[in-house]
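To keep things clear, I will list the structure first and then write my remarks on it.
The values are calculated or read from the model by the stated rules, or taken from the named source; none is laboratory data. All values derive from a computational prediction rather than experimental measurement. Backbone-built Cβ (ideal geometry, glycine too); neighbour counts: all protein chains shown. Surface areas here come from the heavy atoms of the whole protein model, side chains and all, with no ligands, DNA or RNA. Shrake-Rupley method; radii C 1.70, N 1.55, O 1.52, S 1.80 Å.
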Amino acid sequence: MNAATDRDFEAAAAAFAATVIGGHLDPAVEALIAQAGALRDQPEKALPLLERARALAPKHPVPLIAIYRFHFYGHALEKARAAGEDALAIARAALGPDFGDAVPSEETTRGDAAVRFYLFTLKGLAYLNLRLGDLDEARLMLGELRRLDPKDHLGGGLLSHVLARHEAGGPAAMVDGPVDYPVRGWAPREKRA
């Protein structure tokens, strides 16, 4: 990469980081999302407002998050997963082509909004894939999350344990309360004497 390209990626990452926490969102888009929230008991009226918000701000994560939540809490998990995949693609593009070549530092994992958004989106997609029974895709997401967050700052290890328990013939429910899981971490908890 040349210096101009590096600056472009730095500017894109900084802009994305600002948008992840809600900055730089057009007030008209904010108003549409607020209207949709007020109509949550009328999903047939709320969803078009969210879709309009997304059309007005297609690269901003806030409308995508709103659409994701709309579908997730409406139990339309396939649609929530599609919104999550769109969010992951936007975050990935903002982070640049070299993101992930090296594991982000702990400071970056804890403090960089764009990196955290990317990692939390991976975790959310892993969860949705578990719920939808797409275990291969869940495993892929969890593998990437484990690689990029080896100290499990975001808590993806719990989902990994849920998947391992399921594959070992554990309880039928894919995602239920913790049963003999470590509080945090990727490695299995040591057996107690």
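Working only within the stretch 136-162, note down all residues that are hydrophobic (A, V, I, L, M, F, W, C) and open to solvent by 40 Å² or more (accessible area, probe 1.4 Å).
Residues satisfying the conditions are Leu140, Leu158.
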Hits in the stretch 109-120 (condition: without any contact (Cβ under 8 Å) to a residue 40 or more places away in the chain and in contact with a Lys or Arg (Cβ under 9 Å, 6 or more places away or on another chain)) = Tyr118
ask   = Mind checking whether some residue in the stretch 108-115 is at pLDDT 90 or above and not polar (S, T, N, Q)?
value = yes
task = Given the conditions (1) farther than 30 Å from Gln42 by Cα; (2) in contact (Cβ under 8 Å) with a residue 40 or more places away in the chain; (3) surrounded by fewer than 19 Cβ atoms within 10 Å (Cβ to Cβ), report the number of the one that Glu85 does not fulfil.
result = (1)
Index of the failed condition, Leu128 passing every other in (1) at pLDDT 95 or above; (2) closer than 14 Å to Leu64 by Cα; (3) open to solvent by less than 60 Å² (accessible area, probe 1.4 Å) = (2)
task = Would you confirm whether any residue within the stretch 71-80 is without any contact (Cβ under 8 Å) to a residue 60 or more places away in the chain, surrounded by fewer than 13 Cβ atoms within 10 Å (Cβ to Cβ), more than 21 Å from His153 (Cβ to Cβ) and in contact with a Leu (Cβ under 9 Å, 6 or more places away or on another chain)?
result = yes
ask   = Of Arg40, Arg52, which residue is open to solvent by 50 Å² or more (accessible area, probe 1.4 Å) and in contact with a Leu (Cβ under 6 Å, 6 or more places away or on another chain)?
value = Arg52
key: Output for the stretch 131-145, where each listed residue is assigned to a helix (DSSP H, G or I) and either within 14 Å of the chain's Cα centre (by Cα) or free of Cβ contacts under 8 Å to residues at least 40 places away in the same chain (or both)   = Leu135, Asp136, Glu137, Ala138, Arg139, Leu140, Met141, Leu142, Gly143, Glu144, Leu145
